[in-house]
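Below you'll find the structure, written out as structure tokens, and then a few comments.
The values are calculated or read from the model by the stated rules, or taken from the named source; none is laboratory data. Just so you know, these numbers come straight off a predicted model, no measurement behind them. Please note: Cβ atoms are built from the backbone with ideal geometry, for glycine as well, and neighbour counts cover all protein chains shown. These accessible areas exclude ligands, DNA and RNA; they are computed on the full protein's heavy atoms, side chains included. Shrake-Rupley method; radii C 1.70, N 1.55, O 1.52, S 1.80 Å.
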Amino acid sequence: MKVALYCRVSTNEQDTLAQRETLEKYAKAKGWEYQTFEETESSRKTRPIKQRVLTMLRTKEFDGVVIYRLDRWARSTVELLLEVKELIDKGIGFTSITDNLDFTTASGKLHFYIICAFAEFERSLISDRTKAALKAKKEAGIRLGRPPGSKDIKKRKKSGYFVREMRKREQAK
């Protein structure tokens with residue numbers, strides 16, 4: 001089995017050495033062929049090494065990915081769930097050593113779907129609380145939305161859409 005080992009730290013001051021050593025030791029113990037990828041500086045939106053790993057996984061250059069801990073792979077629950085589900089659905093292995101999760105096994109997939117169910121439940125609770133808070137503010141007379149400002153001074157262009165749609169319909173005839 002050929003796997004990608006993915007390490008990530010948030011800043012240049014941090015080091016991936018501990019993650020890398022643990023991942024390589026794990027892969028060697030399993031007898032897997034591996035390639036290590038290290039993200040040494042990342043932000044919420046920019047993780048080019050991870051994007052490269054995902055591309056390689058999608059094109060089946062690797063049979064799976066091994067990470068040190070779930071929070072090293074994704075910065076949000078939604079991101080984690082969507083990406084891991086995509087990999088599982090494509091038959092690509094996903095293993096998190098520290099969390100003791102191996103989504104290549106039946107019990108690992110069960111754990112993943114339980115995690116998904118709790119994440120969906122949490123999202124629903126947050127949505128319900130947000131809607132209740134907005135309703136309470138509205139009933140209290142608090143104005144919602146962006147405060148009035150310079151963008152509201154300029155008149156918005158309203159014309160054009162209807163005319164363009166009518167022209168499209170006439171041309172289609």
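A simple charge model with +1 on the Cβ of Lys and Arg, -1 on the Cβ of Asp and Glu and nothing else charged puts the dipole of the stretch 4-75 at about 360 debye relative to its Cα centre. Between residue 146 and residue 85, the simple label model (points 7 Å from Cα in the Cβ direction) yields a spacing of 3.1 nm. Sorting the Cα pairs of the stretch 10-78 by distance into bins of 10 Å, from 0 upward, gives 17, 52, 29, 2 percent per bin. When the Cα atoms of the chain are aligned to their principal axes, the ranges along those axes come out at 66, 52, 38 Å in descending order. Computed from Cα atoms, the angle from the helix 161-172 axis to the main principal axis of the chain rounds to 80 degrees. A Förster distance of 41 Å, applied to the separation of the beta-carbon atoms of residue 107 and residue 131, puts the FRET efficiency at 0.65.
Here the chain is assigned +1 on the Cβ of each Lys and Arg and -1 on the Cβ of each Asp and Glu. Its dipole about the Cα centre then comes out at about 1920 debye. Helical runs (DSSP H, four residues minimum) scored at -39500 (n - 2.57) apiece and divided by the length of the chain put the mean residue ellipticity at 222 nm at -16500 deg cm²/dmol. Axis angle, to the nearest 10 degrees, between helix 48-58 and the longest C-alpha principal axis of the chain: 80 degrees.
Relative contact order, percent, of the chain when contacts are C-alpha pairs under 8 Å separated by at least 6 residues? Worked out over the chain, it gives 17 percent. Give the angle, between 0 and 90 degrees and rounded to the nearest 10, that separates the Cα long axis of helix 106-139 from the longest principal axis of the Cα atoms of the chain. Helix 106-139 sits roughly 30 degrees off the main axis of the chain.
Pairs of Lys residues in the stretch 1-120, spaced 8 or more positions apart or belonging to different chains, with C-alpha separations under 14 angstrom: 6 in total. Protection proxy ranking for 19-25, 67-73, 165-171, using the average of other Cβ atoms within 10 Å per residue and placing the highest first: 67-73, 19-25, 165-171. Averaged per residue, the chain has 70 square angstrom of accessible surface, using a 1.4 angstrom probe with ligands and nucleic acids left out.
When you count the other C-beta atoms within 10 angstrom of each residue and take the mean per peptide, 53-60, 2-9, 120-127 line up highest first as 2-9, 53-60, 120-127.
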